[in-house]
Amino acid sequence: MHHFDVETLTPGRWRNGGGATREIISRPVGAEDFGWRASVADIDREGPFSTFAGVDRTLTLLAGDGVLLTSPGVFERLPARTGEPVPFSGDLALSAELPGGGCRVLNIMVRRAHWTARVERVAVRVAPPRGHAGVFYVLRGRWQPGENGPVLASGQGVWWDEDDSAPGEGVTPLSPDAVALWADLTPLG
C-alpha cells in the first residue's frame with residue numbers, strides 16, 4: 001500500500017480559477033486518458049464543474065458546509081453532506097453552489113469502459129479484494145494498514161493498484177472514533 005498525506009500534496013489551480021486540486025494518484029501515471037484517478041479538491045467559488053466524457057465520478061464532502069450540484073433537466077440541487085459519497089456521470093454539465101463558502105471534497109473518477117468504483121463510509125476493518133485497486137482516506141480517528149504500517153490520522157490514507165499485495169494487508173481502525181472512506185475500484189474485462 002502506498003501512503004499519502006493530503007497536506008503534503010502540491011495543489012494545482014483549476015483553469016477556471018474556482019479551486020485547486022491535490023492529486024493523490026492517477027493510473028496509469030502520466031497518461032492523459034487516466035483509467036482511474038483520486039484527488040482532493042478545495043472548491044473556492046461557485047461556478048461550472050468540468051465535464052469528463054466517459055468518466056464516472058464520486059464526490060464526497062470532507063470539510064465545509066456543503067456543495068450543491070445542479071444539472072438542469074437531470075437533477076436539481078443534489079446536496080453533498082460530509083462523508084456521504086455522491087456518484088454521478090462526468091458527462092453531465094454541472095454547476096456548483098457553495099451556500100456556506102468554500103469546501104473540500106474527495107473526488108474519485110473512473111474511465112467507464114475500464115473501471116467501476118464503489119465509495120463507502122467505513123468504521124470497521126477493510127480487506128481489499130484481490131485484483132481490485134483502491135483508495136482509503138481517513139476522516140477521523142486512527143487507522144493502520146497491515147500489521148506494521150504507519151498509523152494514519154485525518155487527511156491521510158493509502159492507495160493500491162490491482163496487482164499490489166493489499167488484499168493480504170487490510171486497514172484496521174485503532175480508535176473507537178475511527179471513520180474513513182474506502183473507494184473500491186474494480187477493473188472491467
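Can you name every residue in the range 93-149 that is within 16 Å of the chain's Cα centre (by Cα) and acidic (Asp, Glu)?
GLU120 - this is the single residue of the range 93-149 that is within 16 Å of the chain's Cα centre (by Cα) and acidic (Asp, Glu).
Among the strands (runs of 3 or more DSSP E) contained in the range 72-135, which hold 1 or more residues that are over 26 Å from GLU169 (Cα atoms) and free of Cβ contacts under 8 Å to residues at least 12 places away in the same chain?
75-80
Which members of the range 134-189 meet the condition of being of a type in the set (Val, Ile, Thr), open to solvent by 10 Å² or more (accessible area, probe 1.4 Å) and closer than 18 Å to GLY35 by Cα?
THR186
Are any residues in the range 65-99 among the small types (Gly, Ala, Ser), open to solvent by 40 Å² or more (accessible area, probe 1.4 Å) and at pLDDT 85 or above, and if so, which ones?
Residues satisfying the conditions are ALA93, SER95.
Please give the number of the condition ASP163 fails out of (1) farther than 27 Å from GLY189 by Cα; (2) assigned to a loop (DSSP other than H, G, I, E, B).
Condition (1) is where ASP163 drops out.
Which residues, counting only those in the range 20-57, are open to solvent by less than 50 Å² (accessible area, probe 1.4 Å), part of a strand (DSSP E or B), touching a residue at least 40 places away in the same chain (Cβ under 8 Å) and not charged (D, E, K, R)?
Matches in the range 20-57: THR21, ILE24, ILE25, TRP36, ALA38, SER39, VAL40, ALA41, ILE43, GLY47, VAL55.
Count, please, the residues in the range 115-131 that happen to be closer than 20 Å to PHE34 by Cα and modelled with pLDDT under 95.
Number of matching residues: 1.
Check GLU97, GLU84, GLU120 and return the single one that is acidic (Asp, Glu) and more than 30 Å from GLY189 (Cα to Cα).
From the options GLU97, GLU84, GLU120, the qualifying one is GLU97.
The values are calculated or read from the model by the stated rules, or taken from the named source; none is laboratory data. Quantities reported herein were computed from a predicted structural model and do not represent experimental measurements. When we count neighbours, we look across all protein chains shown, and the Cβ atoms used for this are built from the backbone with ideal geometry, even at glycine. When the accessible area is computed, the model is the full protein with side chains, heavy atoms only, and any ligands, DNA or RNA have been set aside. Shrake-Rupley method; radii C 1.70, N 1.55, O 1.52, S 1.80 Å.
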